[in-house]
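Visitor: Below is the structure I would like to discuss, written out as structure tokens.
The values are calculated or read from the model by the stated rules, or taken from the named source; none is laboratory data. For clarity, every value in this text was computed on a predicted model and none was experimentally measured. Glycine also receives a Cβ, built like all others from the backbone with ideal geometry; neighbour counts cover every protein chain displayed. SASA here: full protein model, heavy atoms, side chains in, ligands and nucleic acids out. Shrake-Rupley method; radii C 1.70, N 1.55, O 1.52, S 1.80 Å.
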Amino acid sequence: MSEQTYSDIQRKKNLIIDSLIHLGIYKKGNKQLYELTLHELETEYHIVNLAIQDISF
């Protein structure tokens, strides 16, 4: 993996982690957010956003 690709992945992970923390989510199961893969973080973020939308309506 190139250094640029790794950097882009880390940047995206950090953005999603910051968003989840802002929503009050600090862990998934027994793992800290920083331990999750990008795919796991994206999945969790989508699940949380769907739940928030359901509550809003």
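Visitor: Of the residues 2, 7, which is surrounded by 10 or more Cβ atoms within 10 Å (Cβ to Cβ) and among the small types (Gly, Ala, Ser)?
Guide: That would be 7, the only listed residue that is surrounded by 10 or more Cβ atoms within 10 Å (Cβ to Cβ) and among the small types (Gly, Ala, Ser).
Visitor: For region 1-54, give me each residue that is hydroxyl-bearing (Ser, Thr, Tyr) and in a loop (DSSP other than H, G, I, E, B).
Guide: 2, 26, 37
Visitor: So, one more: Name the residue that is modelled with the lowest pLDDT, counting only residues in region 10-57 that are hydrophobic (A, V, I, L, M, F, W, C), open to solvent by 80 Å² or more (accessible area, probe 1.4 Å) and more than 11 Å from the chain's Cα centre (by Cα).
Guide: That would be 57.
Visitor: Another question, then. Between a residue in region 36-50 that is without any contact (Cβ under 8 Å) to a residue 24 or more places away in the chain and any residue that is open to solvent by 50 Å² or more (accessible area, probe 1.4 Å) and in a helix (DSSP H, G or I), which pairs come within a Cβ distance under 8 Å, given they are 6 or more apart or on different chains?
Guide: Short answer, once both residue conditions are applied: none.
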